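The structure under discussion appears below in the form of structure tokens.
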Amino acid sequence: MKTLRTYKSFIIPASALVGIIVFSCTTNIEQVERVTNFTQLPTQTIFNSSIQFTDSAIVTFKVTAGKIDRYSDKEAPHDEFNDGVEVLSYDKEGKVESTILALRAVNYPEESRMEAMDSVTLENNEGKKLETELLIWNQKENRIHTDKHVKITTATEILFGEGLDAKDDFSSYEIRNITGRIKVKENRADSTNSN
């Protein structure tokens, strides 16, 4: 009788343990794919970098970033710039035409397209300044655009609007929907110097 009790006291906990093991071994396929999918990991990470892009041995623009993650995905290879990014665009004489600052950006080299995001400012050598949250730069067409809210500051006015199309050096631009305009008075010191 004692052996039957010992046998029962062993079988019940052992069965419970086997049941727990079997039912706890379910696999979450999405979680396994996320952990083992190496295409979502950067192939290269660069810290505190400065990269120059050239055309026929002439520097066309320079990108400086706190961190760059390079993804070599076959479908859409791209570079993610984080921790602040600065893009300097140069003219043929090597002078800075414009400066773009943003908290982050993504460059798609095969498409010749860069997207700057979060607190984006662009300032050209004429002193015109653009502020927005997203700016898309088409390098093949030398154009920039956005569908987001924009603020443009010039020497004579401040413009507000939704959406923008412009040359990439910001020498000419068109706001799609102007929502406000503020005229800026000339500084007296500036007006006396021009007489």
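The values are calculated or read from the model by the stated rules, or taken from the named source; none is laboratory data. On a predicted model such as this, the values are computed, not experimentally measured, just so you know. Using ideal geometry, Cβ is built from the backbone for each residue, glycine included, and neighbour counts are taken over all protein chains shown.
In the condition set (1) at pLDDT 90 or above; (2) in a loop (DSSP other than H, G, I, E, B), S171 is compliant with all but (1).
Can you tell me which residues in region 149-168 are loosely packed, with under 14 Cβ neighbours inside 10 Å and assigned to a strand (DSSP E or B)? Within region 149-168, E157, D165 meet the criteria. A residue that is in contact (Cβ under 8 Å) with a residue 12 or more places away in the chain and assigned to a loop (DSSP other than H, G, I, E, B) cannot be found anywhere in region 116-123. Counting residues in region 87-98 that are of a type outside the set (S, T, N, Q), touching a Gly at 6+ places or on another chain (Cβ under 9 Å) and surrounded by 19 or more Cβ atoms within 10 Å (Cβ to Cβ) gives zero.
Of the residues examined, H149 is not one that is at pLDDT 95 or above, within 16 Å of S112 (Cβ to Cβ) and touching a Gly at 6+ places or on another chain (Cβ under 9 Å). Take region 61-115 and flag every residue that is of a type in the set (K, R) and either within 19 Å of T132 (Cβ to Cβ) or in a strand (DSSP E or B) (or both). Answer for region 61-115, where residues must be of a type in the set (K, R) and either within 19 Å of T132 (Cβ to Cβ) or in a strand (DSSP E or B) (or both): K62, K67, R70, R104, R113. For Q44, the stated conditions do not hold, so it cannot be described as surrounded by fewer than 13 Cβ atoms within 10 Å (Cβ to Cβ), without any contact (Cβ under 8 Å) to a residue 24 or more places away in the chain and not basic (K, R).
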